[in-house]
Amino acid sequence: MRLVLLGAPGAGKGTQAVFLKERHNLAHISTGDIFRENLKNSTPLGLEAKKYMDAGQLVPDEIVMKMVGEKLAEFSPDDGFMLDGFPRTVAQAEFLEGKTKLDGVVLFKVNDEAIVKRLTSRAVCKDCGNVTNIHEHDKCPSCGGELYRRDDDNEETIRKRLKVFHEQTEELIEFYRARNLLLEVEAEGTPEEIFSRVAGMLKS
Ligand code: AMP
């Protein structure tokens, strides 16, 4: 199965990807994670991407598409995967269409104010990537690892990222609806509640 996880930053794509990976044995390809990994290793790609990430803007299409093209080339035709955070523009979606056939696009729907609240309290585990709430935990509840806050999870940058989502990514909803691929999920509630909605949709 090949899926795209679509939704605003903070809609819960990464959290649901962990469940989906376990249940359906799908590889998780997160373009944001690839950029952050490159940044940690100070690669030219990471340093270039940082300028845009810090500003809450999108990394230019050519850079992202080259990176994703290389990543997808690692998969055999029968391998399943889910793309998290890609595509984010129509140009990226058209590029992806030329590379692979998708089985579905899961759209996570959350309102902007709920997202601002979620992201201003988001913490991520350095060891296992688990996403949690900084006000509820001082260590990762899953593995005991150290938690960190993402540089772009401050209110000013969050609002810019939401604006970019509405201006540049939201049109992908129509793009995929027109292709009969869209699966819409109400993404407020606990991660388990949301996953049971996702699982139900994928089954039918
Ligand atoms: P994310 O972890 O998905 O929230 O992504 C963090 C940041 O990485 C975004 O705000 C963008 O600056 C950059 N980024 C990730 N994926 C893409 C993409 N598909 N196109 C452009 N920029 C991206």
Query raised in the report: So, in the range 119-138, of the ones that are farther than 20 Å from V164 by Cα and among the aliphatic types (A, V, I, L, M), which residue ends up least open to solvent (accessible area, probe 1.4 Å)?
Result: A123
Report task. Examine the range 132-155 for a residue that is among the β-branched types (V, I, T), in contact (Cβ under 8 Å) with a residue 24 or more places away in the chain and at negative phi, and state whether such a residue exists. Result -> no
Report summary line: Residue count, the range 123-160, condition under 25 Å from G56 (Cα atoms), in contact with a strand residue (DSSP E or B) (Cβ under 6 Å, 6 or more places away or on another chain) and of a type in the set (G, A, S), comes to 1
Report task. Inspect all residues belonging to the range 5-22 and state whether any of them is within 13 Å of the ligand (Cβ to nearest atom), open to solvent by 40 Å² or more (accessible area, probe 1.4 Å), touching a residue at least 24 places away in the same chain (Cβ under 8 Å) and not β-branched (V, I, T). Result -> no
**Report entry** Selection within the range 91-103 - assigned to a helix (DSSP H, G or I) and either away from the ligand (no atom under 15 Å from the Cβ) or more than 19 Å from K13 (Cβ to Cβ) (or both)
**Finding:** A91, E94, F95, E97, G98, K99
Query raised in the report: If you check V116, V64, V110, V68, which single one turns out to be crowded, with 16+ Cβ neighbours inside 10 Å, away from the ligand (no atom under 12 Å from the Cβ) and either at positive phi or not acidic (D, E) (or both)?
Result: V110
Query raised in the report: Of the conditions (1) farther than 23 Å from T157 by Cα; (2) open to solvent by 60 Å² or more (accessible area, probe 1.4 Å); (3) part of a helix (DSSP H, G or I), D78 fails just one. Which one is it?
Result: (3)
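The values are calculated or read from the model by the stated rules, or taken from the named source; none is laboratory data. Keep in mind it's a predicted model, so treat the numbers as computed, not measured. With ideal geometry, Cβ positions are generated from the backbone for all residues, glycine too; neighbour counts draw on all protein chains shown. Side chains are part of the model used for accessible areas, which takes the heavy atoms of the whole protein and leaves out ligands, DNA and RNA. Shrake-Rupley method; radii C 1.70, N 1.55, O 1.52, S 1.80 Å.
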